[in-house]
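I have placed the structure first, in the form of structure tokens, so that the comments after it can refer back to it.
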């Protein structure tokens, strides 16, 4: 059956520095996000979720999956920060999993990508960042968690960078609630959208504790 | 290159996610209103929450399990953490049970139907519109245009707007005089706050203005040549659209908003009855489509849709600064079609285009459904059982049946839907059938001769006089008789003088210009 999907990718930093509360909060956040989206019929019909986790390497922990079949992954934190591998994997997934418009097929909505990282990458990432910045295969929102994240580096991947200074469970929870609302708002848009042509999507304002990096 | 993402800091930050998109004043969050009994095939189960695992039992399990690794927390305990809540590990009372938690699988939510709340138009703006808006959730009507043409129109609020209690954003308007028909269908842009006003204003005001201009120039138009007719009509349509665009910008200023808050797409068809022959002109800005069914040919789409690489990426809307150029270009690039070539035509917003995509492959089947009724799904588009539509052209009320046709279902297709279907009345007329052409059974067509009541002499003749034998004898007799007649005529003419027949002037040339 052919229908338009809203692909959503969550890139989760699972390096050693995320151990403890942060990784548990990410897991809880993804679980809460799934639960909340299941309460929105437009998200149920269109949102497809994928989780890409990265530590010393990157892997697609959950392939692009419709909401009703999505199982929140079990994540653990250890190792280094292979952000480059994660970005490369993201590029590959966007190419293979997302349908573009053609003369015969109505394509997916432009994907939403949420990237969370708390530190500097430990592999080669620049070329993949440049690729994403110039080609814009998705609407990417990068979130710098804590003091160790480099917002300038994230700015080389996407113009939309948020900063979460504190990495408390409350802040992660509020962040994932914002992600949920962003997905809902995007999945509810129907009909023509000038934002999609000029730039992409309009998202709700971030919660207290998370600021937009100018 | 412009940013892809706009974070709208004008919105009120939502404290309780799950209430849908940002809710302007007067809108009821969907989750707070009881849903109707409307059942959706993809999510028909009632909303359910995951049963939260008992923190107490989880603490007990943790105590019985292997000790956690240094620097980590027990995963089961942490699953119970709510954002902003207290740490259940430190506050949970000791448990005496070892029953594992029961987790109910999440059930997807179903669609609701909520009446729009609040005014369709902001205070003070309605008087500026200059017309009575049609903002009902559904529109359906039939128009007898003239003795040849009939129009059926329908528009339906989409499931998304119905769930969130917001207004339909598609709009349509159609006008008819003795010399022309003008049809306009518009679709409000989803992210524009007052696009419902933009689309309704554009459709109604454009029709009103086109009618005024065409009537005021009717004398000149009727006298112009066939060659100059399309250009003259295009100029008038273009001028009218420019005026509507300016008026819509003025309206936005009056409302203390931006022109982009009123964005919409446009589809137009002008059918002009000219002494040199009727003609159709087509214009479009944005997505949606116009299709024409020419006599004896397959249906075809007019022009192309502006929808970009990803779904819904329209590049120009009414009243953007470049709309004038876009519309003018479409009028020029969509070739005019002579009236006598056309059997029917339709205008549809993308609420119809998207489910039946790609239109160039499905348009013939769509026409089949409109003329003959639903037989099978097109492009995975289905109807609830028992609600399949019948033929529009043969319906007692074509507008009603067309609204029924708009009630199709397809996953992810929850936009407003609008279609205007204009067709020759002759398509709906049954073929003329004489009594002799009424279909008969083989026995009725060749009845056996009943000879039981006939005298024996006649009976014996009856064996040879079955209908088939009699027919063959008659034909044979006629052939023989004609042969004698032709021979007699030939014998007469050979012996007499003959003169050639006179052919009236022009009869040797083909009929027609």
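The values are calculated or read from the model by the stated rules, or taken from the named source; none is laboratory data. Given the structure is predicted, the values throughout are model-derived calculations rather than measurements. Note that we place each Cβ from the backbone using ideal geometry, even for glycine, and neighbour counts take in every protein chain shown.
Residues in the range B:269-285 that are surrounded by 16 or more Cβ atoms within 10 Å (Cβ to Cβ) and either modelled with pLDDT under 95 or away from chain A (no Cβ under 13 Å) (or both): B:269, B:270, B:271, B:272, B:273, B:274, B:278, B:279, B:280, B:281, B:282, B:283. Among the residues of the range B:405-428, those that are over 11 Å from the mean Cα position of the chain (by Cα), on the phi < 0 side of the Ramachandran plot and not in a strand (DSSP E or B) comprise B:410, B:411, B:413, B:414, B:415, B:425, B:426, B:427, B:428.
Pull up the range A:34-50, narrow it to residues that are closer than 27 Å to residue A:166 by Cα and crowded, with 24+ Cβ neighbours inside 10 Å, then point me to the one that is nearest to the other protein chains (Cβ to nearest Cβ). Lay out the reasoning, then the answer.
Residues of the range A:34-50 closer than 27 Å to residue A:166 by Cα: A:34-37, A:49-50.
Next cut, crowded, with 24+ Cβ neighbours inside 10 Å only: A:37, A:49.
Working: A:37: 9, A:49: 13 Å.
My answer is A:37.
Give me the residue from the range A:134-157 that is part of a loop (DSSP other than H, G, I, E, B) and within 21 Å of residue A:203 (Cα to Cα) and, out of that set, nearest to the chain's Cα centre (by Cα). Here the answer is A:138.
In the range B:344-351, the condition of being in contact with a helix residue (DSSP H, G or I) (Cβ under 6 Å, 6 or more places away or on another chain), closer than 26 Å to residue B:173 by Cβ, crowded, with 23+ Cβ neighbours inside 10 Å and within 14 Å of chain A (Cβ to nearest Cβ) is met by no residue. Residue A:113 - would you say it is part of a strand (DSSP E or B), away from chain B (no Cβ under 11 Å) and either under 16 Å from the mean Cα position of the chain (by Cα) or more than 30 Å from residue B:362 (Cβ to Cβ) (or both)? Against the criterion (part of a strand (DSSP E or B), away from chain B (no Cβ under 11 Å) and either under 16 Å from the mean Cα position of the chain (by Cα) or more than 30 Å from residue B:362 (Cβ to Cβ) (or both)), residue A:113 does not qualify. Test residue B:209 against the stated conditions and say whether it is within 30 Å of residue B:414 (Cβ to Cβ) and surrounded by 16 or more Cβ atoms within 10 Å (Cβ to Cβ). Answer is no for this residue.
Residue A:19 falls short on exactly one of the conditions (1) surrounded by fewer than 24 Cβ atoms within 10 Å (Cβ to Cβ); (2) at pLDDT below 95, and that condition is (2).
Every residue in the range A:182-211 that is facing chain B (nearest Cβ under 7 Å) and either modelled with pLDDT of 95 or more or over 28 Å from residue A:146 (Cα atoms) (or both), please. If the condition is that a residue be facing chain B (nearest Cβ under 7 Å) and either modelled with pLDDT of 95 or more or over 28 Å from residue A:146 (Cα atoms) (or both), then A:188, A:189, A:190, A:191, A:192, A:193, A:194, A:195, A:196, A:197, A:198, A:199 are the ones that fit.
More than 14 Å from chain B (Cβ to nearest Cβ), surrounded by 17 or more Cβ atoms within 10 Å (Cβ to Cβ) and either part of a loop (DSSP other than H, G, I, E, B) or at pLDDT 95 or above (or both): does that describe residue A:64? Taking the combined requirement at face value, the residue satisfies it. Looking across the range A:67-76, the residues that are in a loop (DSSP other than H, G, I, E, B) and touching a residue at least 24 places away in the same chain (Cβ under 8 Å) come down to A:70, A:72, A:73, A:74, A:75, A:76. If the condition is being assigned to a loop (DSSP other than H, G, I, E, B) and in contact with a helix residue (DSSP H, G or I) (Cβ under 9 Å, 6 or more places away or on another chain), then the range B:377-399 contributes B:379, B:383, B:387, B:388, B:389, B:390, B:391, B:392, B:393, B:394, B:395. Checking the range A:7-15 against the condition returns no match, with no residue being facing another protein chain (nearest Cβ under 8 Å) and at pLDDT 95 or above. No other residue among A:92, A:123 is more than 22 Å from residue A:164 (Cα to Cα) and assigned to a loop (DSSP other than H, G, I, E, B) apart from A:123.
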